[in-house]
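One structure is given below, represented as structure tokens, and several questions about it will come after.
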Amino acid sequence: MRHQTKKHTLGKAQDQRKALLRSLATELFVHGEITTTLARAKALKPYAEKIITIAKKGDLSSIRLASRYIYNKETGKYMDMSTGEVFDAPSKDKKLTSQTVLRKLFAIIGKKYSDRKGGYTRIYHLPPRRGDASEMALIQLV
């Protein structure tokens with residue numbers, strides 16, 4: 001029996017589905033919002049909220065656990081690790097490190113939602129896509 005095993009399959013095999021959700025979550029944390037199909041947005045919502053809940057802890061175990069669920073790519077910006085400030089270019093007077101998705105997740109996003117109990121994302125319905133009339137949605141961090 002398959003009771004309580006419902007998940008958003010997105011018409012893909014498990015490895016493809018995991019890679020898709022991982023890349024969508026990575027881009028969501030980089031940009032703050034993404035436009036995608038409604039089915040993908042609904043599948044991404046619990047996935048991203050689970051990662052943010054992990055990031056709220058902020059310890060080494062949480063960093064290693066979160067690195068399983070997102071790609072740790074560079075965002076092209078620089079950040080001061082002590083204060084969490086983000087800069088577009090490196091400066092000579094401050095010690096800045098390149099900002100990656102994991103660093104942004106734990107230094108900025110995790111601290112932003114530290115006092116919130118849940119509901120870190122919201123989904124807006126958009127008009128259908130012009131090419132194939134797929135239902136589109138905007139998913140963003142609250």
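I'd like the full set of residues that are in a loop (DSSP other than H, G, I, E, B), of a type in the set (S, T, N, Q) and modelled with pLDDT of 95 or more, limited to the stretch 108-142.
Within the stretch 108-142, the subset in a loop (DSSP other than H, G, I, E, B) is 113-120, 127-135, 142.
Still in the list and also of a type in the set (S, T, N, Q): 114, 134.
S134, the sole residue that qualifies.
Within the set of pairs 6 or more residues apart or between chains, which connect a residue that is among the charged types (D, E, K, R) inside the stretch 114-142 to a residue that is not in a loop (DSSP other than H, G, I, E, B) with Cβ atoms less than 7 Å apart?
Pairs that qualify, where the first residue is among the charged types (D, E, K, R) and the partner is not in a loop (DSSP other than H, G, I, E, B), are R122/Q140; R129/M136; E135/T37; E135/L38.
Would you mind telling me which numbered condition in (1) of a type in the set (S, T, N, Q); (2) over 14 Å from T121 (Cα atoms); (3) out of contact with any helix residue (DSSP H, G or I) (no Cβ under 8 Å at 6 or more places or on another chain) T53 fails?
Failing condition for T53: (2).
Hey, Q99 hits all of (1) at positive phi; (2) in contact with a strand residue (DSSP E or B) (Cβ under 7 Å, 6 or more places away or on another chain) but one; which does it fall short on?
It is condition (1) that Q99 fails.
Another question, if that's okay. Kindly list the number of the only condition in (1) within 20 Å of T36 (Cβ to Cβ); (2) surrounded by 13 or more Cβ atoms within 10 Å (Cβ to Cβ); (3) of a type outside the set (V, I, T); (4) out of contact with any Leu (no Cβ under 9 Å at 6 or more places or on another chain) that fails for Y120.
Going through (1) within 20 Å of T36 (Cβ to Cβ); (2) surrounded by 13 or more Cβ atoms within 10 Å (Cβ to Cβ); (3) of a type outside the set (V, I, T); (4) out of contact with any Leu (no Cβ under 9 Å at 6 or more places or on another chain) one by one, Y120 breaks only (4).
Anything in the stretch 50-79 that is of a type in the set (D, E, K, R) and either surrounded by 16 or more Cβ atoms within 10 Å (Cβ to Cβ) or in contact with a Cys (Cβ under 6 Å, 6 or more places away or on another chain) (or both)? List them, or say none. Step through it out loud before you land on a result.
So the first thing to find is which residues in the stretch 50-79 are of a type in the set (D, E, K, R), and the list is 50, 56-57, 59, 64, 68, 73-74, 77.
Correct list: K56, K77.
The values are calculated or read from the model by the stated rules, or taken from the named source; none is laboratory data. Quick caveat: nothing in here was measured; it's all calculated off a predicted structure. Here Cβ is always computed from backbone atoms with ideal geometry, including for glycine, and neighbour counts include all displayed protein chains.
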